[in-house]
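Asker: One structure is given below, represented as structure tokens, and several questions about it will come after.
The values are calculated or read from the model by the stated rules, or taken from the named source; none is laboratory data. Only a predicted model underlies this, so the values are computations on that prediction, with no experimental measurement involved. Positions of Cβ are backbone-derived with ideal geometry, glycine not excepted, and every protein chain shown enters the neighbour counts. When the accessible area is computed, the model is the full protein with side chains, heavy atoms only, and any ligands, DNA or RNA have been set aside. Shrake-Rupley method; radii C 1.70, N 1.55, O 1.52, S 1.80 Å.
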Amino acid sequence: MVSDNEKGLVLAVASSVFIGSSFILKKKGLKRAAANGTRAGIGGYTYLLEPLWWVGLVTMTFGEIANFVAYVYAPAVLVTPLGALSIIISAVLAHFLLNEKLKKMGVWGCVCCIVGSVMIVIHAPQEQTPNSVQAIWKLAMQPAFLIYVAASMSIVLALILYCEPLCGQTNVLVYIGICSLMGSLTVMSIKAVGIAVKLTLEGINQVWYPETWFFVMVAAICVVTQMIYLNKALDTFNAAIVSPIYYVMFTTLTIVASAIMFKDWYGQDTESIASEICGFITVLTGTVILHATREEEQASLRTMRWQESGKSFNEEHLLSLYRSTEYQESKTPLC
């Protein structure tokens, strides 16, 4: 007989495979769409007509559903760290299918991000699951969580209105920051909806409560916003860079949001707190390494283009001199 933990493990691994593959499928779809219209990175929506992008979207949906169901059977400390597998899968597929080479330092950056995230999740406190949607609503109305929501939305608006026009095409943290902040709110609202569905299936009807539909509306808005800016990030930056940074920021902010809303941080010992701090430091180190790798790659690409342009200029200059010499020789009378 298969235990609940084994079911959760299989679902979590399947979720990582689907999500990791979806990054690559959507990236290829965005590239095809950019060849036939306006790029998503500059506000285009041509990718909506690209079948491969929709395949990636469906694949990601299956992955998210599998991940959601995995939490029903297994604890978060088992399911969440396995999300790091999606980074490895997307990086390997990007290497072979998108020709996006990840250098050795980039690999170490990914390793640091994964290790740090796993440390954070493993030592994260257990959450108390409410027994009704109204109980979740009371938790959502706590002053601390309302401050988190207000701060998150303020940062998102600042990133969209101010940072995106200035450095959205050059700084990956702009798009990923929007996705991650909205993603943390998505998880909170989807968790509320999931509890409502579970209770309804158990005979305790939660459909008639307006709080249930409010959480559904919030989840829908957050998911759509996430998808739009994740597409922009994938269209603008290397998928092997987007995946780990998105995973790290999304995981970290989700843990913080859950801890604030469900008061999970109370009662932690010193060892757990120290381990979480070490995890955050490791994550930051990996992020810095990934950014350094990205900047080095862009600098090398600019140098290569400059050399190619200089070479072509020199070739044209020499060719014009050669033609000029030939013309002068043809005008010289023979003795």
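Asker: So for the pair ALA220, LYS198, with labels modelled 7 Å out along Cα→Cβ, what separation do we get in nm?
Answerer: Using points 7 Å along Cα→Cβ, the separation is 2.4 nm.
Asker: Please give the FRET efficiency for HIS95 paired with LYS7, using the beta carbon to beta carbon distance and R0 = 45 Å, rounded to the nearest 0.05.
Answerer: It comes out at approximately 0.90.
Asker: Pulled fully out, how much extra length does the chain show between TYR162 and THR270, if you take 0.36 nm times their separation in residues and subtract their Cα-Cα distance?
Answerer: 34.9 nm
Asker: Can you sort LYS28, LYS101 by solvent-accessible area, 1.4 Å probe, largest first?
Answerer: Putting LYS28, LYS101 in descending order of accessible area: LYS101, LYS28.
Asker: Taking a probe of 1.4 angstrom, what is the accessible area of TRP108 in Å², to the nearest 10?
Answerer: 150 Å²
Asker: State which entries of LYS27/LYS103; LYS28/LYS103; LYS31/LYS191; LYS7/LYS232; LYS138/LYS191 exceed 23 angstrom in Cα-Cα distance in the structure shown.
Answerer: Going by Cα-Cα distance, LYS31/LYS191; LYS7/LYS232 fall outside the 23 Å limit.
Asker: Continuing with the same structure: Net charge within 14 Å of VAL193 by Cβ-Cβ distance, Lys/Arg positive one each and Asp/Glu negative one each, not counting VAL193 itself?
Answerer: 0
Asker: Here is a follow-up. Using 1/(1 + (r/R0)^6) with R0 = 35 angstrom and r between the beta carbons of LEU146 and TRP208, what's the FRET efficiency to the nearest 0.05? Intermediate results must be reported in sequence, preceding the final value.
Answerer: Working: r = 25 Å, r/R0 = 0.72.
It comes to 0.90.
Asker: Which of rounded, prolate or oblate describes segment 172-275 when judged by the alpha-carbon gyration tensor and an a/c cut-off of 1.5?
Answerer: Verdict is oblate for segment 172-275.
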